[in-house]
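Report on one structure; see the data block that follows.
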There are 2 protein chains.
Amino acid sequence: MTRWLDEDEQRAWLRLAGVMLKLSPALDSQLQRDSDLTHFDYLCLAMLSEAEGRSLRMSELASRTNASLSRLSHVVSKLERRGLVARCPSPESRRVTLVSLTDDGWERLVEAAPGHVETVRSLVFEGLPAADVAALERIAGHIVEHVEASRLRTVE
Amino acid sequence: MTRWLDEDEQRAWLRLAGVMLKLSPALDSQLQRDSDLTHFDYLCLAMLSEAEGRSLRMSELASRTNASLSRLSHVVSKLERRGLVARCPSPESRRVTLVSLTDDGWERLVEAAPGHVETVRSLVFEGLPAADVAALERIAGHIVEHVEASRLRTVE
DNA sequence: GACAGACACTTGATGCTTCAATCATTTTTC
DNA sequence: GAAAAATGATTGAAGCATCAAGTGTCTGTC
């Protein structure tokens, strides 16, 4: 017996679906136009830039960018071809690959950041009360946790 | 001079990006596995099913599903090939195309709905306080509005 | 110390999304 | 009432994401 969504849930859900369908392309579009980067490309560079030694193992970067290892591998290959990122084998274990941000990658990130941050601010935070910023963090965190938990359940 | 995000905004933003990166594939994956439909396919069928006469013009369906006309056109072509949807010229104006849900499309939607709704409930609403449901609707609505407004600005 | 399984990652094929260009129709402007 | 602009929709090419299958490495376990 299906438990359908009530009216409030229905409205909230349609709006959230709207965010996924509209915000994602909007971010990609601005970054693509101004910096020839995908939003996901940007996220990879940003996560590397904040990591110790500007370098992370593939699986750690995948986890920090919320991506599958497969998706990340394709994207890192592309970024490597463009010279924004470099791969090298880990000294610790031969099945581990380390990715690091190159100087060119760092520069590209620094150039792209202001425009991207402005876009995020204007699309998400402009006019959003502080209480809603907190709520957004709480709710989005809740959803991400549930998705991760369900993935573990179905993989088993 | 860039106005960077403060710490609270930063955390909220990373979590929201996580939702877009993880929730969307999770929905696609369940629907694909159980009903051979994309989440966007589902949305199209669902919007048609609720429309008067189970039929809408392309541009109206695009607007209700938050998609570009181009994306919709490709997807409708695919759904039409599979017999879930039919196109016909509008009697009102010759540049308008009407899309309508076929009986097969209706059946497919009815079969897919319970599993999809269960997934949405378990990933989004399970354990989410009613106050947060309202906040989600408000915040997501705020974001969608801003994205739409910015699109209008850049198109001009 | 060999073998089964787990782990880290890569690859190739397929289908989806976007962008830019296009076409036909309708409306506006002069 | 023609020309110009706007609207509604489609198309093809290029780039992305996903899935399933693969490679190589490491870790038990007997």
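The values are calculated or read from the model by the stated rules, or taken from the named source; none is laboratory data. Note that the structure is predicted; figures quoted are calculated from it, not measured. Heads up, the Cβs are rebuilt from the backbone with ideal geometry, glycines too, and the neighbour counts pull from every protein chain shown. Remember, those area values only see protein heavy atoms, side chains included, never the ligands or the DNA or RNA. Shrake-Rupley method; radii C 1.70, N 1.55, O 1.52, S 1.80 Å.
Couple of notes before you dig in:
- Condition check for residue A:27: more than 7 Å from every other protein chain (Cβ to nearest Cβ), within 16 Å of DNA strand C (Cβ to nearest atom) and closer than 18 Å to residue A:124 by Cα: yes
- Checking each residue in the range B:81-104 for being of a type outside the set (A, V, I, L, M) and either under 17 Å from the mean Cα position of the chain (by Cα) or open to solvent by less than 70 Å² (accessible area, probe 1.4 Å) (or both) picks out B:83, B:88, B:90, B:93, B:97, B:100, B:102.
- Meets criteria (in a helix (DSSP H, G or I), at the interface with another protein chain (Cβ under 9 Å from one of its Cβ atoms), without any contact (Cβ under 8 Å) to a residue 60 or more places away in the chain and open to solvent by 20 Å² or more (accessible area, probe 1.4 Å)) for residue B:151: yes
- Listed by first and then second residue, the pairs with beta-carbon distance under 7 Å, at least 6 apart or on different chains, first residue in the range B:20-39 and closer than 14 Å to residue A:148 by Cβ, second in a loop (DSSP other than H, G, I, E, B), are B:21/A:66; B:21/A:67; B:22/A:66.
- Out of A:9, A:52, A:107, A:118, one residue alone is more than 15 Å from DNA strand D (Cβ to nearest atom), more than 14 Å from the chain's Cα centre (by Cα), within 14 Å of chain B (Cβ to nearest Cβ) and open to solvent by 30 Å² or more (accessible area, probe 1.4 Å). It is A:118.
- Each residue in the range A:55-75 was checked for being out of contact with any Leu (no Cβ under 8 Å at 6 or more places or on another chain) and either open to solvent by 80 Å² or more (accessible area, probe 1.4 Å) or more than 10 Å from DNA strand D (Cβ to nearest atom) (or both), and 5 pass.
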